[in-house]
Every structure is written in C-alpha cells, then in structure tokens.
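Participant: The structure's right below; bear with me while I get my questions together.
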Amino acid sequence: MPVMNPQGPALQALLQAMDNAARGAERPAARLLAVSKTQPAQAVAALASLGQRAFGENYVAEAVAKIVALRELNLEWHLIGHLQSNKSREAAEHFDWVQSLDRPKLVDALSRHRADDGPPLNILIQVNPDGEAGKSGCAPEQIGELARMVDAAPRLRLRGLMAIPEPTPDFQQRRRTFRQLRAWFDQLREEFPAIDTLSMGMSEDYRLAIEEGATMVRVGSALFGPRT
Ligand SMILES: *Cc1c(COP(=O)(O)O)cnc(C)c1O
C-alpha cells in the first residue's frame, strides 16, 4: 500500500522558501526541525518517508510514546518544550537534543541520566530574549555561565542557543530580536568555537529568522496544518 503523504507539498514549499530566504540574505542554508507536537506517529512517519529526519516535541510523555513507536526509523528527536526537573531522566534517556536547558539544575540532572555507552546529549541553551515575564529561558546575562556548566558536564555536548521572541505583530521588533540573538550566538562562539546551532524562527517568522542568521528553524503548523 503506498504511504500517504499529505504533508508532501507543504514540505517542498517550506524547504524552497527556507532556501530562498538563505540565498537572498547570503546565508548558509538552515536546517528544518519539524515540530510534531499533537501530531500522531503516522504523521511523523509520513514526513520521515519524504526525507525529514529531525523532529521537535514539547511534552516528554507524548514524545516518548512516538520515539518508541518509531524506533526503527532512526529519527533525531529534539525536546523544545519547558523541561521539569522530574522529567529530566526520561528526557536524557530518549532525546538526541534538549533545546530548552535554561537553568543550572538541569545540567546535572541531564548529565547524570545520560547513558555512558551512547552519544552525548546535544544541548541548546534557551534564552528569554525579550525579558518576558513567566516565560522559559535564561536571562541573556546567564548564557555564559550556563554554557560553561554544560561544556564541563560529562555526556553533554554544547551546540548553541534556542529562543522564542515575543510573539508581537511588530515583525520589525521580531527581526531586531533575531539580530540580537545572532550577536549573542557569535559572542558565545568566540569562547566555544565548536558550537554550530542557533535555533530560532517558527511558522510565522522563519524567513526573518533565517535572514538574521538562524541555522535551524522549528516549524509546526506551516508543515502539518493548524493544531487542534
Ligand atoms: C510549537 C512550537 C514551535 C512550532 O510552532 P508553529 O508556529 O506551529 O510553527 C516551535 N518552537 C517551539 C518551542 C514550540 O513550542
């Protein structure tokens, strides 16, 4: 039976738009993280059959069910939602990346629970770039300190930064925030030359983010349709 690929045209259009944004701004191509929260495992499998490898999830329990169900596909799984300390063991055991590390306590918890005999857990430090109250992410002044902790922790590999700008309708403001994030990323890379990932931009603003130097965009609804 042929695999149905309802997201096929959306994926092709998205990859094309990402390439155009990068080319127009004379930037290297960005990677696509397909955000599959609330989507069933079959939707992930359908997109995987089109060549998409990296998937992002917000909730540990929901993600683990899909990771286990799709084990044979060898996909790359990224945790992008807020991580509670009591979920860090499961996160360290099942994900390939955690993009939402935003406080010292998680460094030790993830490091301790990551298996010795496999690859290190890739880590992005989540920043709260616009100082929004009640939002996940560390303050910009804490980036360096957290990065040094991650870098020193066994079984963790520091890869860069992740952020969600304030969802304002003012896209000039979003652009300024993306530009500021790129500056913080470049500054961090002076101390840690091996970092390679700046994860920013979602369905509404991934083009802007790529123009301002995102190396990875996280796209859900533009790919799978609106979440119900
Ligand atoms: C849901 C989510 C996304 C994707 O959002 P869309 O607007 O559907 O593209 C990206 N990043 C994070 C952290 C999310 O929670």
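Participant: GNM, the chain, Cα, under 10 Å: largest mean-square fluctuation among 159, 182, 112?
Facilitator: 112
Participant: Moving on to the next point. DSSP H helices in the chain with Cα extent of 27 Å or more along the helix axis and mean Kyte-Doolittle hydropathy at least -1.0?
Facilitator: Long hydrophobic helices here: none detected.
Participant: Let me ask something else. What FRET efficiency comes out for residue 15 versus residue 227 if R0 is 22 angstrom and r is the Cβ-Cβ distance? Round to the nearest 0.05.
Facilitator: So, using R0 = 22 Å, E works out to roughly 0.55.
Participant: With a ≥ b ≥ c taken as the square roots of the eigenvalues of the C-alpha gyration tensor of the range 14-135, please select rounded if a/c is under 1.5 and otherwise prolate if a/b is larger than b/c or oblate if it is not? It would help to have the intermediate numbers written out before the result.
Facilitator: Numbers: a/c = 1.79, a/b = 1.19, b/c = 1.50.
The shape class here is oblate.
Participant: Compute a Gaussian network model of the chain, connecting alpha carbons closer than 10 Å, and tell me which residue from 154, 167, 28 fluctuates the most.
Facilitator: Highest fluctuation of the listed residues: 167.
Participant: So what is the accessible area of the range 122-169 per residue, in Å², with the probe set to 1.4 Å?
Facilitator: Numbers: 2050 Å² over 48 residues.
So the range 122-169 comes to 43 Å² accessible per residue, rounded to a whole number.
The values are calculated or read from the model by the stated rules, or taken from the named source; none is laboratory data. These numbers come from a predicted model, not from an experiment. Heads up, the Cβs are rebuilt from the backbone with ideal geometry, glycines too, and the neighbour counts pull from every protein chain shown. SASA here: full protein model, heavy atoms, side chains in, ligands and nucleic acids out. Shrake-Rupley method; radii C 1.70, N 1.55, O 1.52, S 1.80 Å.
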